[in-house]
Amino acid sequence: MFTRGLPAAEVRRRLPVLIGSLCLLGFAVALTVRADLGLGPWDVLHQGVSDRIDVPIGTVGIFVGLLVLLAWIPLKERPGLGTVLNVILIGASIDVCLWLLPEDPSTPLRWAELVAGVFLFGPGVALYLGCGLGPGPRDGIMTAIVARGWSIRVVRTLMELTVLVIGYFLGGTVGIGTVLFALTLGPNIHWFTDRLASRWPVEVVPAALTD
């Protein structure tokens with residue numbers, strides 16, 4: 001179930017790329033947190049919860065991911081190895097990277113961290129989706145609903161706005177970085193997916209996530 005029917009040798013070939021891409025995403029999130037200029041919608045939620053309960057933001061992300069996975073049950077979605085590792089590795093990488101990155105950096109460094117963090121989401125997401133070992137819990141919810149006839153743009157927008165509003169009222173950081181995520185994330189992922197598609201069979205890359 002967790003390897004999506006791929007041969008063991010192929011799973012072993014893709015696993016290092018999967019792990020590396022998820023750790024890259026954790027690093028990207030940590031950069032945007034340290035920049036403190038605005039986070040992506042889900043990380044606004046995670047940060048808001050983190051501040052309220054005094055638990056590291058990456059750890060909150062792990063627990064939120066596990067809760068989102070529960071919503072897969074009525075949708076009859078099946079997790080893959082990539083789904084499980086997505087929940088664990090991104091959150092763990094965020095906490096480790098935040099421990100290593102300096103606090104209160106200068107303004108130029110904060111802007112550099114924001115731009116780098118937002119940019120790294122493109123290759124990170126494209127690589128992990130391209131491994132074909134299962135989407136993350138949030139992406140899986142979205143694709144499951146889209147498969148039932150909903151518009152990808154409507155579903156994505158409603159999900160992102162919902163968690164953004166909740167996170168904002170919990171105290172998460174909303175700012176120019178949030179706008180930058182909204183404007184660039186889709187094209188960024190699409191651009192890298194197009195260029196990385198030759199690495200794996202094209203059919204393993206969910207086109208709905210890059211529309």
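The values are calculated or read from the model by the stated rules, or taken from the named source; none is laboratory data. Quick caveat, the model's predicted, so the values are computed rather than measured. Every residue, glycine as well, gets a Cβ built from its backbone with ideal geometry; the counts of neighbours run over all protein chains shown.
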Helices (runs of 4 or more DSSP H) fully within region 16-96 counting 2 or more residues that are touching a Pro at 6+ places or on another chain (Cβ under 8 Å) and farther than 23 Å from Asn188 by Cα: 57-70
Boolean, Phe169 is modelled with pLDDT of 90 or more and among the aromatic types (Phe, Trp, Tyr): yes
Residue tally, condition under 11 Å from the mean Cα position of the chain (by Cα), outside any helix (DSSP H, G or I) and among the small types (Gly, Ala, Ser), over region 117-150: 1
Boolean, Leu109 is surrounded by fewer than 23 Cβ atoms within 10 Å (Cβ to Cβ) and without any contact (Cβ under 8 Å) to a residue 60 or more places away in the chain: yes
Top-ranked residue of region 35-68 - restricted to ones that are among the aliphatic types (A, V, I, L, M) and within 22 Å of Ile176 (Cβ to Cβ), ranked as surrounded by the fewest Cβ atoms within 10 Å (Cβ to Cβ): Leu37
Test: Gly26 is in contact with a helix residue (DSSP H, G or I) (Cβ under 8 Å, 6 or more places away or on another chain), buried (at least 18 other Cβ atoms within 10 Å of the Cβ) and not β-branched (Val, Ile, Thr): yes
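Taking Leu114 as the residue in question, decide whether it is buried (at least 17 other Cβ atoms within 10 Å of the Cβ) and either outside any helix (DSSP H, G or I) or at pLDDT 90 or above (or both). So that I can check it myself, show each step before the final result.
Values: buried (at least 17 other Cβ atoms within 10 Å of the Cβ): yes; either outside any helix (DSSP H, G or I) or at pLDDT 90 or above (or both): yes.
Here the answer is yes, as Leu114 does meet what is asked.
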